[in-house]
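A short worksheet on the structure shown next.
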Amino acid sequence: MTKETFNNLHKHQGGIKEFQKMMNTLQSLEKIGKQFGMTKTGVQIWCNKLFGKNYDPRKKRKQLRVEAMVEFAEKYSEEIFKDTFYKESKYYYYIAISECYSKGIYKK
């Protein structure tokens, strides 16, 4: 299957441009599937056929979240950092604080 085939099948939902836009903005498989009238598995099949790889936005989302937290840490004290993020998500807090220590933003 080709991009042309996808466009013909899904032109009323935005075609390949909308599909790629949703992938680039890290939309969930469920949301993409809903837009194009297919299951999450169907989205994965199309990703494999069109781009030769599985689509999983979770890693990139995680990376972006940690990067934003580290950027925040560059501007605020460790106490404010902890008050802001610890209760929200201990998981991400510990990843980001480790990154802050390794970059020398905060001192142990």
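Scanning the stretch 16-59 for residues that are modelled with pLDDT under 95, on the phi > 0 side of the Ramachandran plot and either among the acidic types (Asp, Glu) or surrounded by 14 or more Cβ atoms within 10 Å (Cβ to Cβ) (or both) yields nothing. Count of the stretch 1-52 residues, restricted to those that are assigned to a helix (DSSP H, G or I), under 17 Å from the mean Cα position of the chain (by Cα) and among the hydrophobic types (A, V, I, L, M, F, W, C), is 7. With respect to Tyr92, is the statement that it is among the hydroxyl-bearing types (Ser, Thr, Tyr), surrounded by 14 or more Cβ atoms within 10 Å (Cβ to Cβ) and free of Cβ contacts under 8 Å to residues at least 60 places away in the same chain true? Taking the combined requirement at face value, the residue satisfies it.
Suppose we filter Tyr92, Tyr55 for residues that are assigned to a helix (DSSP H, G or I), under 17 Å from the mean Cα position of the chain (by Cα) and of a type in the set (Ser, Thr, Tyr); which single one remains? Going through Tyr92, Tyr55 in turn, just one is assigned to a helix (DSSP H, G or I), under 17 Å from the mean Cα position of the chain (by Cα) and of a type in the set (Ser, Thr, Tyr): Tyr92. Residues in the stretch 31-77 that are among the β-branched types (Val, Ile, Thr) and not assigned by TED's automatic domain parsing to the domain that holds Ile16: Val66, Val70. The residue that is surrounded by the most Cβ atoms within 10 Å (Cβ to Cβ), counting only those in the stretch 60-89 that are under 29 Å from Gln20 (Cα atoms) and in contact with a helix residue (DSSP H, G or I) (Cβ under 8 Å, 6 or more places away or on another chain), is Met69.
The values are calculated or read from the model by the stated rules, or taken from the named source; none is laboratory data. No experiment lies behind these values; they were computed from the predicted model shown. When we count neighbours, we look across all protein chains shown, and the Cβ atoms used for this are built from the backbone with ideal geometry, even at glycine.
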